[in-house]
Amino acid sequence: MFDAVERMIEQVQGTIFETAIQPALFHLGLMDWSEDVFDGVEFALYGALAVVLAYILCRPLELWRPVERRDEAWGDRRAVRTDIIYTLVHRLGVVPAILFLVLAPIGVAIDSYSRFAGYIPPELEQLWHPLFNHPLATFLAYMVVLDFGEYWRHRLQHRLAWWWALHSLHHDQRQMTLWSDDRNHILDDMLALAWSGTLAMLIGVPPGEYPLMLIGFRLIESLSHTNVRLGFGRVGSLILVGPHYHRVHHAIEHATAPFDRARGCNFAIIFPVWDVIFRTWRPYAGYPQTGVAALGGTAVRCGYLRHQWEGFRRLAAALVHFVDRRRPGFVAAFRAE
Amino acid sequence: MLAAALPLARPATATTAVVLNSDDDSLSVIDSDSYKEISRTHIGRGPHHLIQTPDGRTLIIAMSGSNELVMIDRATGVEKQRVTASDPYQIGFSPDGKYFVAASIRLDRIDIYDGSTFQLLHRLPAATMPSHIAFSHDSKTVFVTLQGTSGLISIDLASGRVNWTAPVGRQPAGIITRSNGNLLVGIMGSDHITEVDPANGGVIRKIQTGNGAHNFLPSADGKTLYVTNRVAGTISVLNADTLAVAGTLQAPGGPDDMALSPDGHELWVTGRWHAWVDVIELASGALKTSVPVGRSPHGIFVY
């Protein structure tokens, strides 16, 4: 079945590229970009597939046992509609464009310089030979390493004031659903891609597999943001991040010290083991309300563009505070509004 | 190392096609008689092109992603050796076998190795996207197309010094040396090939073939020249002496590298965008079949 789906996507990708995109590249004099753009089309198609799969998997869960019933708790769905726009714009357009047109050329330049200096990045299967003839195991091994990097990126998003200014847009959502994962400022997305892309390059992730890994991450993240009363039990919660586990991370207040904003809890993206190892795991039983109490939900109900603008304002306030400590930080500034 | 030998040890009468699937890091072996893929094997990162050693005993697969050359015994399919090489994309031996050249399209460099020991002799930066390779008949010079800067570079193999760099057309790709020593270059960003003077890179003439002119393959007798046109989805059939276009074959799907069947009756061509290999019957010019393979099939070798 997977082969049939893969074959179908290949043919759709080939047809779109051959009939619409390649002729445009040819007439624009950009044929040297053809293979990169061809891969970008594949990434966008898999991104679309991931959105469909996330909806098929997660939407029934939200209807089955929602933590918050939309009509009762939320009043309207404007904030959710913005998240849907985020998902479609970022997964199908912005992220593939950033990845293949901005970050990939930078990555190639860095790779080129380092190789010319004699440094050839190692690969996991060269370091551990049993992986070599097991592509699935290799794929999972790379996922584990990338997830380790994602855990620490997430810690820094909360720890560094300027990064928290951007990431707080994601946490400000008080109507968390399967669509909320992509609710990120575009600068935050670029930083995230640069972070994981750099790590992928350092450990030798195959360029062709990196987009598939990103899609795997996104599918699990859609599930973990789903508005459903669903945990994986005592053992399962230590194996894979699920909706309950991640909801605790999004809790509007982390009342129990030391789980405040700066320290936080349950940062893991896929594998909770990182939280256990680095002592940020919080085995909380309830389903807390989500959001950032200090911000009062200022950016929840606006549209996509205004939300992006809000991110720039928060970042500016954070940077101004960084330069002049007498000026209020972004949290203080926005709480006053 | 490969877990098992590739199924290349086949009956003497059987013909076999080896295809490199660059986007899923695999190698397909096709039974050329039944037109069935009989195996698909994970081979390493980014396999793009393959050639045989001058003695014909070994297939060398250039793994651009995993920075190595994989040596496969042609008779048994057993992997003999892996040689570290930085991002080898296109590869080729000088006619006398003395030099082995690898072009790195991603990393903008050209490496010249000893053809016997694979010891690196010269490493040259080459802006940008050095791609296809051709040699002078006297094995003194290598010519490499520069896709990113519309150029062609000529390098003295012994000294590793650049003889000249010259513009030849938008996004030049495939290159081949004619019997008279002149060069032919496929101009992928346009609809033609150019004939180039090997002494100074001057363009002698242009021959229209089709949009996205990409790569070349001469027939076994040297009388015919095939040119893939990647955007047009065609293959131009040229008289190798006059360069007059004698016909056009249909090959949709982004035709790229080609190979002839041992009897010379069939032209095999990889279709990059549709993950298949087209088999064209040359007598009729008709598409005989398309064989599904892995993603983005690129290099092909038929024997």
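Does residue B:228 qualify as being farther than 30 Å from residue B:165 by Cα, modelled with pLDDT of 95 or more, within 14 Å of chain A (Cβ to nearest Cβ) and in contact with a Pro (Cβ under 9 Å, 6 or more places away or on another chain)? For residue B:228, the condition - farther than 30 Å from residue B:165 by Cα, modelled with pLDDT of 95 or more, within 14 Å of chain A (Cβ to nearest Cβ) and in contact with a Pro (Cβ under 9 Å, 6 or more places away or on another chain) - is not met. The set of residues from the stretch B:118-136 being closer than 14 Å to residue B:186 by Cα and either away from chain A (no Cβ under 14 Å) or without any contact (Cβ under 8 Å) to a residue 12 or more places away in the chain (or both) comprises B:133, B:134.
Scanning the stretch B:160-182 for residues that are surrounded by fewer than 17 Cβ atoms within 10 Å (Cβ to Cβ), in contact with a His (Cβ under 9 Å, 6 or more places away or on another chain) and touching a residue at least 24 places away in the same chain (Cβ under 8 Å) yields B:160, B:179, B:181.
Among the residues of the stretch B:81-99, is there at least one that is touching a Phe, Trp or Tyr at 6+ places or on another chain (Cβ under 7 Å), buried (at least 20 other Cβ atoms within 10 Å of the Cβ), within 14 Å of chain A (Cβ to nearest Cβ) and not in a strand (DSSP E or B)? Taking every residue of the stretch B:81-99 in turn, none turns out to be touching a Phe, Trp or Tyr at 6+ places or on another chain (Cβ under 7 Å), buried (at least 20 other Cβ atoms within 10 Å of the Cβ), within 14 Å of chain A (Cβ to nearest Cβ) and not in a strand (DSSP E or B).
If the requirement is being buried (at least 16 other Cβ atoms within 10 Å of the Cβ), at pLDDT 95 or above and of a type in the set (S, T, N, Q), which of these qualifies: B:209, B:242? That would be B:209, the only listed residue that is buried (at least 16 other Cβ atoms within 10 Å of the Cβ), at pLDDT 95 or above and of a type in the set (S, T, N, Q). Scanning the stretch B:47-72 for residues that are without any contact (Cβ under 8 Å) to a residue 40 or more places away in the chain and either part of a strand (DSSP E or B) or out of contact with any helix residue (DSSP H, G or I) (no Cβ under 9 Å at 6 or more places or on another chain) (or both) turns up B:55, B:56, B:57, B:58, B:60, B:63, B:68, B:70, B:71. All conditions in (1) within 14 Å of chain B (Cβ to nearest Cβ); (2) assigned to a helix (DSSP H, G or I); (3) of a type outside the set (Gly, Ala, Ser) hold for residue A:193, with the sole exception of (1). If I filter the stretch B:281-303 for residues that are within 14 Å of chain A (Cβ to nearest Cβ), touching a helix residue (DSSP H, G or I) at 6+ places or on another chain (Cβ under 9 Å), part of a strand (DSSP E or B) and more than 21 Å from residue A:31 (Cβ to Cβ), do I get at least one hit? Yes; the residues of the stretch B:281-303 include at least one that is within 14 Å of chain A (Cβ to nearest Cβ), touching a helix residue (DSSP H, G or I) at 6+ places or on another chain (Cβ under 9 Å), part of a strand (DSSP E or B) and more than 21 Å from residue A:31 (Cβ to Cβ). In the set (1) part of a loop (DSSP other than H, G, I, E, B); (2) crowded, with 22+ Cβ neighbours inside 10 Å, the condition left unmet by residue B:185 is number (1). Restricting attention to the stretch B:26-45, the residues that are part of a loop (DSSP other than H, G, I, E, B) and touching a strand residue (DSSP E or B) at 6+ places or on another chain (Cβ under 6 Å) add up to 5.
Just a yes or no: is a residue in the stretch A:147-166 surrounded by 15 or more Cβ atoms within 10 Å (Cβ to Cβ), away from chain B (no Cβ under 14 Å) and assigned to a loop (DSSP other than H, G, I, E, B)? Within the stretch A:147-166, one or more residues are surrounded by 15 or more Cβ atoms within 10 Å (Cβ to Cβ), away from chain B (no Cβ under 14 Å) and assigned to a loop (DSSP other than H, G, I, E, B). Identification of helices (runs of 4 or more DSSP H) wholly contained in the stretch A:1-103 with 2 or more residues that are loosely packed, with under 15 Cβ neighbours inside 10 Å, more than 14 Å from chain B (Cβ to nearest Cβ) and not hydroxyl-bearing (Ser, Thr, Tyr) yields A:34-64, A:78-89. Might you let me know whether the stretch B:237-247 holds any residue that is within 14 Å of chain A (Cβ to nearest Cβ) and not basic (Lys, Arg)? Within the stretch B:237-247, not a single residue is within 14 Å of chain A (Cβ to nearest Cβ) and not basic (Lys, Arg).
The values are calculated or read from the model by the stated rules, or taken from the named source; none is laboratory data. What you are looking at is a predicted structure, and each value in this text was computed from that prediction instead of being measured. Don't worry about glycine lacking a Cβ; one is built from the backbone with ideal geometry, like all the others, and counts go over all protein chains shown.
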